[in-house]
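Participant: Below is a structure I'd like to ask you about.
The values are calculated or read from the model by the stated rules, or taken from the named source; none is laboratory data. Remember, it's a predicted structure, so these values are computed and weren't measured experimentally. Glycine gets a Cβ as well: all are built from the backbone with ideal geometry, and neighbour counts include every protein chain shown. Surface accessibility is based on the protein's heavy atoms, side chains included, excluding ligands, DNA and RNA. Shrake-Rupley method; radii C 1.70, N 1.55, O 1.52, S 1.80 Å.
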Amino acid sequence: MFGWLVHKKGKIMQICTLILAAGKGTRMPSANPKALQTVLGEAMLSHVYQTAAYVSSSVWTVIGHKAELVEKHLNKEFGEAAGSHCVLQTKQLGTGHAVLCAMEKIKDSIDVENTKILILNADVPLIKKELLEEFIEKAKDYPLSFISLLLDSGQNYGRVMRENFRKNVQHAPIKTHTENTGNVAQIIEAKDFRLAYPGSEIFEVNSGIYLVDAKVLLEYLPKLSNSNAGKEYYLTDIISLAKKENIPVEAFCFENAKALLGVNNPLELNQAEEILQQEINLSLMQNGVVMHNPQSIRISPFAVIQRGVEIFGPCEIYGKSEIESFTTINSHCVIKNTKIGENCVVQSFCHFENAAVGNNAKLGPYARLRPEAKLADDVHLGNFCEIKKSVIGTGSKVNHLSYIGDSQVGSGVNVGAGCITCNYDGKNKHRTIIGDNAFLGSNCAFVAPVKIAKNTLVGAGSVITKDTAENDLAIARARQVNIKKR
Ligand code: UD1
Ligand code: CA
């Protein structure tokens, strides 16, 4: 679809998405704005943004509370275009006000007559592109439409009020939307809803997802008022405003679609995370990924795990990690944005972030890969070894208690226990180069910048400050003296 849809009268309309992410999230106490609260390691906003990008030609995000953090996040995760498509809502006066701010900013960059605005809240992390596509297909001929849900209770959602509730109520019990076919009259927010209202036993609620002609928004948003229990400009009030002027409004009921769960508090966050975790793990197992204790395995929807991978929980694999076939990940590992090749064994308690590993590697237990660590094929990395911004060549071994930072290590190198690259002089970082087949004895310090040539043998306990030539034996330590004890 990619953001274009064909209107009934043959007119081609463009879809522009607005994600509302300016709210503070008062029901979710956290140092981060609610939109950045994570579900399986990804900000809720990222889940929504990624899905929105599939169905729209442009995505705009309304930011407000801790706006700089949200903008920075979008820049980092989705590129500068995402960051520059932010609209600042300086005061969070309500969802209607948020959309108004956005429309004022974007109206000159869109073709108002031929644009439909898809509005999403940032707090629906389970949203799926198929669901949005289905909604758009159903809703494309209506100037103003939204998705409603049928729940077992109203919770804190806005309640969908239909014109012939009364009539329907006489035919109780009313359970499904099909028995409740009156036209939508208005949405009443939870705070303003009274049990005495007709139809209050029908829990048809607003999902917060709308498809509206840009023209309709521009006409009705400025007419919203904030005379309600929340003293906010509710976006939901445009329904009754438009209805009064005979604009057709339609609600498409998606029953109790879990994908539309709004996440407003820690409990709902946990529910959303569990639902998504089950979906992802089920689909991975169906595709041939072996999981032991899958209830404790958390995998980002953005990660790619190939058939034949075996994972032992508890374990977390986040971000755009990729794991190739027949690799085993043992328990208690945290892997973020890291690619791991085929036939590798990752022992327990490893932490990897923004790194890459070739095929047939043996890693851990307790190994750490920090950003820009790149391991070629057949590398062994043992316990308590940390690699940062370094390349480790084919078949090299760093097996015990080492730190390799800002380095280039050739192939076939043996890094003895306790070797350290001293890459930081207090002000700047410097590089260490270690040639192929070098053998570094235990407990050596390499004071960068320094180059160890191919086939160098470095004696244990050396502090290396000078470059070596090929086939050198380098020793830099005080000679041992044995004297008689007194
Ligand atoms: C909203 C709907 C409600 C619906 C529910 C679905 C309104 C008035 N209510 O309620 O009918 O059932 O979603 O989940 O729209 N935001 C801003 N600026 C603001 C206020 C909010 O950008 O001034 C953003 C928030 O960051 C959030 C989204 O809008 O992402 C929705 O706000 P929230 O407070 O969660 O609304 P609900 O009470 O859940
Ligand atoms: Ca919400």
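Participant: Working only within the stretch 223-258, note down all residues that are assigned to a helix (DSSP H, G or I), free of Cβ contacts under 8 Å to residues at least 40 places away in the same chain and open to solvent by 50 Å² or more (accessible area, probe 1.4 Å). Write out each step before concluding.
Facilitator: First, the residues of the stretch 223-258 that are assigned to a helix (DSSP H, G or I): 223, 235-244, 258.
Checking which are free of Cβ contacts under 8 Å to residues at least 40 places away in the same chain leaves us with 223, 241, 244.
Scanning the stretch 223-258 gives Lys223, Lys244.
Participant: Something else now. Which one of these does Asp141 not meet: (1) touching a Leu at 6+ places or on another chain (Cβ under 6 Å); (2) not in a strand (DSSP E or B)?
Facilitator: (1)
Participant: Please go through the stretch 109-126 and give me each residue that is open to solvent by less than 10 Å² (accessible area, probe 1.4 Å), more than 9 Å from ligand 1 (Cβ to nearest atom) and part of a loop (DSSP other than H, G, I, E, B), ordered by number.
Facilitator: Pro125, Leu126, listed by residue number.
Participant: Taking strands (runs of 3 or more DSSP E) that fall entirely within the stretch 373-486, which contain at least 2 residues that are more than 22 Å from Phe349 (Cα to Cα), open to solvent by less than 40 Å² (accessible area, probe 1.4 Å) and in contact with a strand residue (DSSP E or B) (Cβ under 8 Å, 6 or more places away or on another chain)?
Facilitator: Values: elements: 380-383, 385-388, 397-400, 403-405, 407-409, 420-422, 432-434, 445-447, 450-452.
Per the criteria, 407-409, 432-434, 445-447, 450-452.
Participant: Going by the conditions given, is Glu104 more than 10 Å from ligand 1 (Cβ to nearest atom), open to solvent by 60 Å² or more (accessible area, probe 1.4 Å), out of contact with any Pro (no Cβ under 6 Å at 6 or more places or on another chain) and farther than 30 Å from Arg27 by Cα?
Facilitator: Numbers: more than 10 Å from ligand 1 (Cβ to nearest atom): yes; open to solvent by 60 Å² or more (accessible area, probe 1.4 Å): yes; out of contact with any Pro (no Cβ under 6 Å at 6 or more places or on another chain): yes; farther than 30 Å from Arg27 by Cα: no.
Against the criterion (more than 10 Å from ligand 1 (Cβ to nearest atom), open to solvent by 60 Å² or more (accessible area, probe 1.4 Å), out of contact with any Pro (no Cβ under 6 Å at 6 or more places or on another chain) and farther than 30 Å from Arg27 by Cα), Glu104 does not qualify.
Participant: Could you please give the count of residues in the stretch 26-41 that are closer than 22 Å to Arg298 by Cβ, surrounded by fewer than 24 Cβ atoms within 10 Å (Cβ to Cβ) and not aliphatic (A, V, I, L, M)?
Facilitator: Here the count works out to 5.
Participant: Among Lys107, Lys76, Lys91, which is more than 16 Å from ligand 2 (Cβ to nearest atom) and under 18 Å from Leu144 (Cβ atoms)?
Facilitator: Details: Lys76 fails: under 18 Å from Leu144 (Cβ atoms); Lys91 fails: under 18 Å from Leu144 (Cβ atoms).
It is Lys107.
Participant: Follow-up question, since we're still on this one. Tell me yes or no: at least one residue of the stretch 464-476 is among the aliphatic types (A, V, I, L, M) and either at pLDDT below 95 or within 16 Å of Ser390 (Cβ to Cβ) (or both). Walk me through it before giving the result.
Facilitator: Kept after step one, since they are among the aliphatic types (A, V, I, L, M), are these residues of the stretch 464-476: 464, 469, 473-476.
With either at pLDDT below 95 or within 16 Å of Ser390 (Cβ to Cβ) (or both) added as a condition, the list becomes none.
Taking every residue of the stretch 464-476 in turn, none turns out to be among the aliphatic types (A, V, I, L, M) and either at pLDDT below 95 or within 16 Å of Ser390 (Cβ to Cβ) (or both).
Participant: Every residue in the stretch 266-296 that is closer than 28 Å to Gly158 by Cα and surrounded by 17 or more Cβ atoms within 10 Å (Cβ to Cβ), please.
Facilitator: Of everything in the stretch 266-296, those that are closer than 28 Å to Gly158 by Cα and surrounded by 17 or more Cβ atoms within 10 Å (Cβ to Cβ) turn out to be Glu268, Leu269, Ala272, Glu273, Leu276, Gln277.
Participant: For the stretch 265-346, list the strands (runs of 3 or more DSSP E) that sit wholly inside it and hold at least 2 residues that are under 19 Å from the mean Cα position of the chain (by Cα) and of a type in the set (A, V, I, L, M, F, W, C); which are they? Outline the logic, then answer.
Facilitator: Details: elements: 290-292, 297-299, 310-312, 315-318, 333-336.
By residue number, 297-299, 315-318, 333-336.
Participant: A further question on this structure: Would you confirm, using the coordinates I've provided, whether Ile239 is of a type in the set (Val, Ile, Thr) and under 23 Å from Asn121 (Cβ atoms)?
Facilitator: The answer is yes for Ile239.
Participant: Related question: Quick check: anything in the stretch 54-71 away from ligand 1 (no atom under 16 Å from the Cβ), touching a Lys or Arg at 6+ places or on another chain (Cβ under 8 Å) and among the aromatic types (Phe, Trp, Tyr)? Break it down into steps so the answer makes sense when it comes.
Facilitator: Our first condition is that a residue be away from ligand 1 (no atom under 16 Å from the Cβ); within the stretch 54-71, this holds for 54-58.
With touching a Lys or Arg at 6+ places or on another chain (Cβ under 8 Å) added as a condition, the list becomes 54-55.
Of the ones still in play, those that are also among the aromatic types (Phe, Trp, Tyr) are 54.
Yes, the conditions are met somewhere in the stretch 54-71.
Participant: Can you find a residue in the stretch 191-200 that is touching a residue at least 40 places away in the same chain (Cβ under 8 Å) and among the aliphatic types (A, V, I, L, M)?
Facilitator: The answer is no, given that none of the residues of the stretch 191-200 is touching a residue at least 40 places away in the same chain (Cβ under 8 Å) and among the aliphatic types (A, V, I, L, M).
Participant: Identify, from the list Ile311, Ile209, Ile305, Ile317, the residue that is within 16 Å of ligand 2 (Cβ to nearest atom) and at pLDDT 95 or above.
Facilitator: Residue meeting the stated conditions: Ile209.
Participant: Spot the failing condition for Ala35; the list is (1) touching a Phe, Trp or Tyr at 6+ places or on another chain (Cβ under 9 Å); (2) closer than 15 Å to Cys86 by Cα, and only one is missed.
Facilitator: Ala35 satisfies all of (1) touching a Phe, Trp or Tyr at 6+ places or on another chain (Cβ under 9 Å); (2) closer than 15 Å to Cys86 by Cα except (1).
Participant: For Glu134, work out the one condition from (1) acidic (Asp, Glu); (2) modelled with pLDDT of 95 or more; (3) within 16 Å of ligand 1 (Cβ to nearest atom) it doesn't fulfil.
Facilitator: (3)
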